[in-house]
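I have placed the structure first, in the form of structure tokens, so that the comments after it can refer back to it.
The values are calculated or read from the model by the stated rules, or taken from the named source; none is laboratory data. Quick caveat: nothing in here was measured; it's all calculated off a predicted structure. Please note: Cβ atoms are built from the backbone with ideal geometry, for glycine as well, and neighbour counts cover all protein chains shown. Surface areas here come from the heavy atoms of the whole protein model, side chains and all, with no ligands, DNA or RNA. Shrake-Rupley method; radii C 1.70, N 1.55, O 1.52, S 1.80 Å.
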Amino acid sequence: MKGTGFVTLLGQLRRDVRGNTLAIMAAAMIPLIGMVGSGVDMTRAYMAQNRFQQACDAGALAGRRLLSGTTVSPDVVREVTKYYQFNFPKGQFEAANYNLNISIPALGTLKVQSETTIPTTIMKMFGFATLPITASCSATQDFVGTDIVLVVDMSGSMNCAPGSGGNCGEVEASNSKMVALRSAATSLYDTLKDAQDQLHNNNLRLRYGFVPYNATVNVGKQVYAKNPDYIRTGLYLYNTRVPKQVPRTDYIGKSSCDGIGGSYNPIIGNIIGACSYTTASTTDWTYGKYTQDISAYVTGASVRTPTSFNVTDRSTWAGCIEERRTNNSEINGGSSTIAPQDARDLDINRIPDSDDSRWAPWWPEVSVAPNGALYNAPRYCASQASRLREYYNDRNSFVSYLNSLKPAGNTYHDIGMIWGARFISPDGIFRSNTPETNDPNDPDNPRKLRGFNIRKYIIFMTDGDLQPSLESYSSYGVESQDRRVIGAANGNTQSARHLQRFRMACNAAKSQNVEVWVIAFSTTLTDAMKKCASDDSKAAGISTTPELIAKFQEIGSKIGSLRLSQ
């Protein structure tokens with residue numbers, strides 16, 4: 001029957017699966033082509049997008065270097081366009097022409113935006129003729145105040161050439177490490193010149209301070225100028241000498257005898273008698289710890305040297321100080337890096353309110369050993385420190401200050417770092433009367449300027465290890481006599497104790513959000529120096545003058561660097 005045959009044919013086709021794969025593949029080809037095509041086109045689009053974004057980043061960074069104020073100048077537009085088109089030439093990836101939208105969304109930030117399309121290949125079959133690519137990027141140079149204090153070793157070895165070692169005394173070699181430091185510090189100024197200009201033009205500032213150190217620091221006149229009450233006056237105890245008091249008898253009147261505190265024995269009434277009294281010897285001295293009147297000396301007046309009978313011998317305070325009270329029991333050369341609370345010398349923010357928290361003048365002319373000699377003569381007061389100042393468009397003054405530095409004496413890292421921290425701290429003796437100010441001419445250290453925290457940096461550079469001496473007259477007095485650092489301990493602990501003080505001073509600086517860079521120039525970069533730095537990348541051992549200059553330039557470029565922002 002026909003019906004039966006037709007049903008049988010359909011049944012056979014239903015049961016026979018041969019050739020089905022071809023039909024399925026034919027049906028699946030269209031979505032497969034779409035998947036492969038989209039993969040090819042999307043990969044190409046991804047590469048174009050990545051390149052387009054790189055071009056945007058490069059253009060934003062380049063344009064930001066020329067940005068000044070709040071206006072996009074033609075020079076900025078040309079610079080952005082040049083770098084953008086260099087990294088993504090028009091027509092690359094067959095991209096359509098694109099335009100750049102350049103703006104300043106916030107002070108100090110340059111924003112670049114652009115968009116274009118690239119043609120598809122296979123996806124055209126599915127109605128997608130082009131794919132969009134976009135780029136948006138911003139480059140910023142944060143407009144915040146910046147303070148930099150250079151703490152620099154001014155011991156005698158800085159007069160030597162790199163690699164020569166030793167102490168060259170007061171004679172500076174023509175290729176000395178001091179010459180290298182001057183060149184390197186000047187290169188720092190030059191590297192940061194553009195950043196300083198832009199800060200200044202926006203009523204902000206970049207300032208530099210200097211703390212040269214040897215066994216002393218010359219900071220007293222800056223402290224006295226800030227507040228005379230921060231420096232001790234009246235009497236101060238020195239290792240010195242005073243004239244011996246010898247008995248005398250003169251025959252004078254009673255009123256004259258009473259005037260010199262004598263005992264009067266009349267011979268002819270009150271007109272003449274034997275006056276017994278004591279007076280200072282003109283040849284003999286008594287040696288030891290005696291007070292000297294420092295009231296006039298600390299004002300900078302020329303005063304008669306009290307340890308000399310020659311009335312023409314005068315002394316004038318150069319500005320070096322003796323440190324205030326410390327703790328020589330807990331600071332014993334151990335591993336602790338946090339100073340005890342009663343160590344006034346290591347408290348960088350303590351405001352003087354008593355004699356044990358004030359500084360005394362370093363007075364080398366009155367520091368006399370028991371054998372009559374001056375302690376380790378000649379003694380060297382370090383070159384005068386300089387508080388933070390802008391040096392805006394004043395490169396000559398910056399260089400002149402560097403030229404005034406004269407290396408001499410021994411190396412005490414701790415006293416240098418202590419005062420570097422004091423000079424930059426916003427909470428210590430140089431704090432501003434208005435902690436948050438809009439005044440870029442404030443000579444002190446506010447916490448914020450125009451609403452932003454101030455970035456703070458210390459660059460610490462030395463050319464040698466600690467060289468404390470028991471017999472030298474340093475900012476801690478004469479250690480063999482005063483024992484301010486070693487206390488009752490053996491003198492062999494002196495170096496370890498000063499090194500511990502150095503570590504404590506480094507931590508005190510970093511606790512003020514100061515970024516610390518450490519440079520060991522022509523000497524070993526010790527573990528203590530590495531740990532003083534904010535991180536390992538900021539500690540460097542430098543051997544040659546070109547390397548030192550390059551390091552200062554690197555530091556400058558990072559301090560004033562541009563960065564991409566979101």
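Wholly within region 140-232, which helices (runs of 4 or more DSSP H) include no fewer than the required count, namely at least 1 residues that are modelled with pLDDT of 95 or more, out of contact with any Gly (no Cβ under 8 Å at 6 or more places or on another chain) and open to solvent by less than 10 Å² (accessible area, probe 1.4 Å)? Working first, answer last.
Details: elements: 177-191, 193-201, 220-226.
By residue number, 177-191, 220-226.
Could you check how many residues of region 489-522 are β-branched (Val, Ile, Thr) and either more than 22 Å from Val219 (Cα to Cα) or surrounded by fewer than 20 Cβ atoms within 10 Å (Cβ to Cβ) (or both)?
Matching residues across region 489-522 total 2.
Determine the pairs where a residue that is in contact (Cβ under 8 Å) with a residue 60 or more places away in the chain, located within region 538-559, has a partner that is open to solvent by 30 Å² or more (accessible area, probe 1.4 Å) and of a type in the set (A, V, I, L, M) with Cβ atoms under 9 Å apart, the partner being 6 or more residues away or on another chain.
Filtered contacts from region 538-559: Thr545/Val179.
Can you tell me which residue in region 370-393 is surrounded by the fewest Cβ atoms within 10 Å (Cβ to Cβ), limited to those that are among the hydroxyl-bearing types (Ser, Thr, Tyr) and at negative phi?
Restricting attention to region 370-393, the residues satisfying the condition of being among the hydroxyl-bearing types (Ser, Thr, Tyr) are 375, 380, 383, 386, 391-392.
Keeping just the survivors that are at negative phi gives 375, 380, 383, 386, 392.
Numbers: Tyr375: 19, Tyr380: 23, Ser383: 23, Ser386: 23, Tyr392: 15.
Going through the qualifying residues, I end up with Tyr392.
Would you be able to tell me the number of residues in region 75-123 that are of a type outside the set (Val, Ile, Thr), assigned to a strand (DSSP E or B) and free of Cβ contacts under 8 Å to residues at least 60 places away in the same chain?
Final tally of qualifying residues: 10.
Does any residue in region 246-258 that is of a type in the set (Lys, Arg) come within less than 9 Å, Cβ to Cβ, of a residue that is open to solvent by 50 Å² or more (accessible area, probe 1.4 Å) six or more places away or on a different chain, and which pairs are these?
That search, which allows pairs on different chains as well, returns Arg248/Ser276; Arg248/Thr278; Lys254/Pro266; Lys254/Asn270; Lys254/Ile271; Lys254/Ile272.
Among the residues of region 38-74, how many are without any contact (Cβ under 8 Å) to a residue 40 or more places away in the chain and either more than 26 Å from Ser557 (Cα to Cα) or touching a Pro at 6+ places or on another chain (Cβ under 7 Å) (or both)?
4
Can you name the residue in region 331-350 that is part of a helix (DSSP H, G or I) and touching a residue at least 24 places away in the same chain (Cβ under 8 Å) and is also farthest from Ala421 (Cα to Cα) among such residues?
Asp345
Is region 379-386 home to any residue that is of a type in the set (Lys, Arg) and not in a loop (DSSP other than H, G, I, E, B)?
Looking only at region 379-386, we keep the residues that are of a type in the set (Lys, Arg), and these are 379.
Right, trim to not in a loop (DSSP other than H, G, I, E, B) and you get none.
Within region 379-386, none of the residues are of a type in the set (Lys, Arg) and not in a loop (DSSP other than H, G, I, E, B).
Looking at (1) polar (S, T, N, Q); (2) at pLDDT 60 or above; (3) open to solvent by 60 Å² or more (accessible area, probe 1.4 Å), which is the only condition Asn87 fails?
(3)
Could you check, for region 475-488, whether at least one of its residues is open to solvent by less than 10 Å² (accessible area, probe 1.4 Å), within 20 Å of Ala408 (Cα to Cα) and hydroxyl-bearing (Ser, Thr, Tyr)? Walk me through how you get there before you give the answer.
The first filter runs over region 475-488 and keeps only residues open to solvent by less than 10 Å² (accessible area, probe 1.4 Å), leaving 475-479, 485-486.
After this cut, where a residue has to be within 20 Å of Ala408 (Cα to Cα) as well, the list is 475-479.
Narrowing further to those that are hydroxyl-bearing (Ser, Thr, Tyr): 475-476.
Within region 475-488 (the criterion being open to solvent by less than 10 Å² (accessible area, probe 1.4 Å), within 20 Å of Ala408 (Cα to Cα) and hydroxyl-bearing (Ser, Thr, Tyr)), the answer is yes, since at least one residue qualifies.
Could you look through region 31-60, keep only residues that are of a type in the set (A, V, I, L, M) and modelled with pLDDT under 90, and pick out the one that is farthest from Pro119 (Cα to Cα)?
Leu32
Please go through region 54-74 and pick out each residue that is of a type outside the set (D, E, K, R), open to solvent by less than 40 Å² (accessible area, probe 1.4 Å) and assigned to a helix (DSSP H, G or I).
Once the filter is applied, which keeps residues that are of a type outside the set (D, E, K, R), open to solvent by less than 40 Å² (accessible area, probe 1.4 Å) and assigned to a helix (DSSP H, G or I), region 54-74 yields Ala55, Cys56, Ala58, Gly59, Ala60, Ala62, Gly63.
Of the residues that make up region 351-369, is at least one in a helix (DSSP H, G or I), open to solvent by less than 10 Å² (accessible area, probe 1.4 Å), closer than 25 Å to Thr493 by Cβ and acidic (Asp, Glu)?
Within region 351-369, not a single residue is in a helix (DSSP H, G or I), open to solvent by less than 10 Å² (accessible area, probe 1.4 Å), closer than 25 Å to Thr493 by Cβ and acidic (Asp, Glu).
Scan region 456-482 residue by residue and report those that are assigned to a strand (DSSP E or B) and either within 16 Å of Ala369 (Cα to Cα) or touching a Phe, Trp or Tyr at 6+ places or on another chain (Cβ under 9 Å) (or both).
Answer for region 456-482, where residues must be assigned to a strand (DSSP E or B) and either within 16 Å of Ala369 (Cα to Cα) or touching a Phe, Trp or Tyr at 6+ places or on another chain (Cβ under 9 Å) (or both): Tyr457, Ile458, Ile459, Phe460, Met461, Thr462, Tyr473, Ser474, Gly477, Val478.
Can you tell me which of Thr283, Thr326, Thr316 is on the phi < 0 side of the Ramachandran plot, of a type in the set (Ser, Thr, Tyr) and open to solvent by less than 30 Å² (accessible area, probe 1.4 Å)?
Thr326
Looking only at region 528-564, filter to residues that are under 18 Å from Ser187 (Cα atoms) and not in a helix (DSSP H, G or I); which one of those is modelled with the lowest pLDDT?
Ser561
What's the total number of residues in region 293-307 that are within 16 Å of Asn239 (Cβ to Cβ) and open to solvent by less than 20 Å² (accessible area, probe 1.4 Å)?
Going through region 293-307 one residue at a time, the tally reaches 3.
Counting only residues that are closer than 28 Å to Asn203 by Cα and at pLDDT 95 or above, which one in region 452-466 is surrounded by the fewest Cβ atoms within 10 Å (Cβ to Cβ)?
Ranking the candidates gives Tyr457 first.
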